[in-house]
Amino acid sequence: MADDKDVLRDVWFGRIPTCFTLNPDEVTEREAEAYYLLLPRVSYLPVVTDKVKKHFLKVMRAEDVEEMWFEYEGTPLKWHYPIGVLFDLHASNTVLPWNITVHFKNFPDQDLLHCPSNSIVEAHFMSSIKEADALKHKSQVVNDMQKKDHKQLWMGLQNDKFDQFWAMNRKLMEYPTEDGGFRYIPFRIYQTLSDRPFIQKLFRPVSPDCNAHTLGDLLKEMYPDALTNDGEQKRYQVLIHGIEPLLETPLQWLSEHLSHPDNFLHICVVPVPTD
């Protein structure tokens with residue numbers, strides 16, 4: 001892969017200042033103070049919120065505690081989406097810190113998957129990596145890895161170790177030069193205004209006549225409403241890691257440099273804020 005290590009580092013170390021407050025309906029023995037944390041964009045809520053849980057458990061009785069879950073302005077936050085995706089999708093135009101409400105009761109089974117332990121997150125993460133590699137390399141790279149290599153990817157993410165993670169992830173980003181890119185680009189397009197969780201289809205990084213496909217090409221095919229036609233007012237922001245990449249950016253480059261650790265390019269299409 002083209003080695004733009006500074007970009008990889010910037011993506012990895014992206015943080016969101018967050019304020020966690022306990023839902024007022026929870027039964028506490030004394031007042032619960034808010035808890036502040038810098039959340040890593042590339043991680044998952046259950047992996048990085050142990051301190052949040054410990055903080056609020058200090059003011060609660062054990063019998064009042066069930067599975068912890070999070071919500072932002074009435075929307076339960078899906079733990080199996082990367083944190084940066086949750087923020088871009090639901091809160092990208094709000095003033096920081098991001099205000100998240102913590103719950104220990106009334107788990108919303110219809111909206112969220114249960115997550116009793118981090119091993120569930122690990123299983124979800126590894127299944128995403130395997131799915132991405134099936135799209136990129138027909139699973140050849142991930143199948144050639146040993147179990148300890150898979151573990152290194154997960155431990156790198158869990159412990160926030162950039163070099164440990166990328167020493168192994170680099171292999172998942174390689175391709176034969178003559179191919180001009182991956183077989184297909186692993187991507188998901190999320191919309192706030194849709195009941196559909198995300199758009200995910202087969203899309204090649206290079207056109208049949210050997211031209212590099214761009215972000216604009218992908219959107220034109222998958223979600224043309226996200227694009228602004230000449231003379232129209234811009235209606236949507238297209239966000240990857242909180243930034244709006246140029247629509248002319250080659251998709252292959254984006255896949256190599258702006259994918260999340262699960263190897264998917266997560267693209268959020270959100271309405272332009274109205275003042």
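The values are calculated or read from the model by the stated rules, or taken from the named source; none is laboratory data. A quick note: this is a predicted structure, and the numbers were derived from the prediction, not measured. Here the Cβ is made from the backbone with ideal geometry for all residues, glycine too, and neighbour counts use every protein chain on show. Quick note on the areas: whole protein, heavy atoms, side chains included, nothing else; ligands and nucleic acids left out. Shrake-Rupley method; radii C 1.70, N 1.55, O 1.52, S 1.80 Å.
Can you find a residue in segment 211-223 that is of a type in the set (Lys, Arg), closer than 30 Å to PRO176 by Cα, free of Cβ contacts under 8 Å to residues at least 24 places away in the same chain and loosely packed, with under 13 Cβ neighbours inside 10 Å?
No, every residue in segment 211-223 fails to be of a type in the set (Lys, Arg), closer than 30 Å to PRO176 by Cα, free of Cβ contacts under 8 Å to residues at least 24 places away in the same chain and loosely packed, with under 13 Cβ neighbours inside 10 Å.
Look through segment 226-239, keep the residues that are part of a strand (DSSP E or B) and of a type outside the set (Ser, Thr, Tyr), and return whichever of them is most open to solvent (accessible area, probe 1.4 Å).
If we take residues in segment 226-239 being part of a strand (DSSP E or B) and of a type outside the set (Ser, Thr, Tyr), then GLN237 is most open to solvent (accessible area, probe 1.4 Å).
Scan (1) open to solvent by 70 Å² or more (accessible area, probe 1.4 Å); (2) under 25 Å from LYS201 (Cβ atoms) for the single condition ALA132 breaks and write down its number.
Just one mismatch for ALA132, condition (1).
From the list ARG204, ARG196, which one is over 20 Å from the mean Cα position of the chain (by Cα) and in a loop (DSSP other than H, G, I, E, B)?
ARG204
With GLN164, GLN146, GLN140 as the choices, which residue is touching a Gly at 6+ places or on another chain (Cβ under 7 Å) and of a type outside the set (A, V, I, L, M)?
Working: GLN146 fails: touching a Gly at 6+ places or on another chain (Cβ under 7 Å); GLN140 fails: touching a Gly at 6+ places or on another chain (Cβ under 7 Å).
Selected residue: GLN164, the only one of GLN164, GLN146, GLN140 that is touching a Gly at 6+ places or on another chain (Cβ under 7 Å) and of a type outside the set (A, V, I, L, M).
Considering every residue within segment 137-146, establish whether at least one is over 13 Å from TYR44 (Cα atoms), touching a residue at least 40 places away in the same chain (Cβ under 8 Å) and open to solvent by 20 Å² or more (accessible area, probe 1.4 Å).
Scanning segment 137-146, I find at least one residue that is over 13 Å from TYR44 (Cα atoms), touching a residue at least 40 places away in the same chain (Cβ under 8 Å) and open to solvent by 20 Å² or more (accessible area, probe 1.4 Å), so the answer is yes.
Determine which single condition THR228 fails, assuming it passes every other condition in (1) farther than 26 Å from PRO176 by Cα; (2) in contact (Cβ under 8 Å) with a residue 12 or more places away in the chain.
Answer for THR228: the failing condition is (2).
Out of (1) within 25 Å of PHE87 (Cβ to Cβ); (2) aromatic (Phe, Trp, Tyr); (3) modelled with pLDDT of 95 or more; (4) open to solvent by 10 Å² or more (accessible area, probe 1.4 Å), what's the single condition that is false for PHE198?
(3)
Can you tell me how many residues in segment 61-78 are open to solvent by 20 Å² or more (accessible area, probe 1.4 Å) and either in the same structural domain as ASN263 (by the TED database) or assigned to a loop (DSSP other than H, G, I, E, B) (or both)?
Here the count works out to 8.
Is one or more of the residues making up segment 208-217 modelled with pLDDT under 95, assigned to a strand (DSSP E or B), among the small types (Gly, Ala, Ser) and not assigned by the TED database to the domain that holds SER43?
Within segment 208-217 (the criterion being modelled with pLDDT under 95, assigned to a strand (DSSP E or B), among the small types (Gly, Ala, Ser) and not assigned by the TED database to the domain that holds SER43), the answer is yes, since at least one residue qualifies.
Any residue at all in segment 111-126 that is of a type in the set (S, T, N, Q) and within 30 Å of TYR236 (Cβ to Cβ)?
No, segment 111-126 contains no residue that is of a type in the set (S, T, N, Q) and within 30 Å of TYR236 (Cβ to Cβ).
Looking at the structure I just gave you, is ASN106 open to solvent by 40 Å² or more (accessible area, probe 1.4 Å) and more than 23 Å from LEU38 (Cα to Cα)?
Taking the combined requirement at face value, the residue satisfies it.
Yes or no: HIS80 in contact (Cβ under 8 Å) with a residue 12 or more places away in the chain and in contact with a helix residue (DSSP H, G or I) (Cβ under 8 Å, 6 or more places away or on another chain)?
Details: in contact (Cβ under 8 Å) with a residue 12 or more places away in the chain: yes; in contact with a helix residue (DSSP H, G or I) (Cβ under 8 Å, 6 or more places away or on another chain): yes.
Yes.
Just to be sure I understand, how many residues within segment 164-187 are loosely packed, with under 15 Cβ neighbours inside 10 Å, free of Cβ contacts under 8 Å to residues at least 40 places away in the same chain and of a type outside the set (S, T, N, Q)?
Result for segment 164-187: 4.
I'd like to know if segment 240-250 contains one or more residues that are on the phi > 0 side of the Ramachandran plot and either open to solvent by less than 30 Å² (accessible area, probe 1.4 Å) or at pLDDT below 90 (or both). Outline the logic, then answer.
Applying the first criterion (on the phi > 0 side of the Ramachandran plot) to segment 240-250 yields 241-242.
Among the residues that remain, those that are also either open to solvent by less than 30 Å² (accessible area, probe 1.4 Å) or at pLDDT below 90 (or both) are: 241.
Taking every residue of segment 240-250 in turn, at least one turns out to be on the phi > 0 side of the Ramachandran plot and either open to solvent by less than 30 Å² (accessible area, probe 1.4 Å) or at pLDDT below 90 (or both).
Quick grid of which residues meet (1) farther than 20 Å from PHE87 by Cα; (2) touching a residue at least 60 places away in the same chain (Cβ under 8 Å):
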{"residue": "ILE16", "(1), (2)": "no, yes"}
{"residue": "CYS19", "(1), (2)": "no, yes"}
{"residue": "LEU22", "(1), (2)": "no, yes"}
{"residue": "ARG30", "(1), (2)": "yes, no"}
{"residue": "LEU38", "(1), (2)": "no, no"}
{"residue": "ARG41", "(1), (2)": "no, yes"}
{"residue": "LEU45", "(1), (2)": "no, no"}
{"residue": "THR49", "(1), (2)": "no, no"}
{"residue": "LYS58", "(1), (2)": "yes, no"}
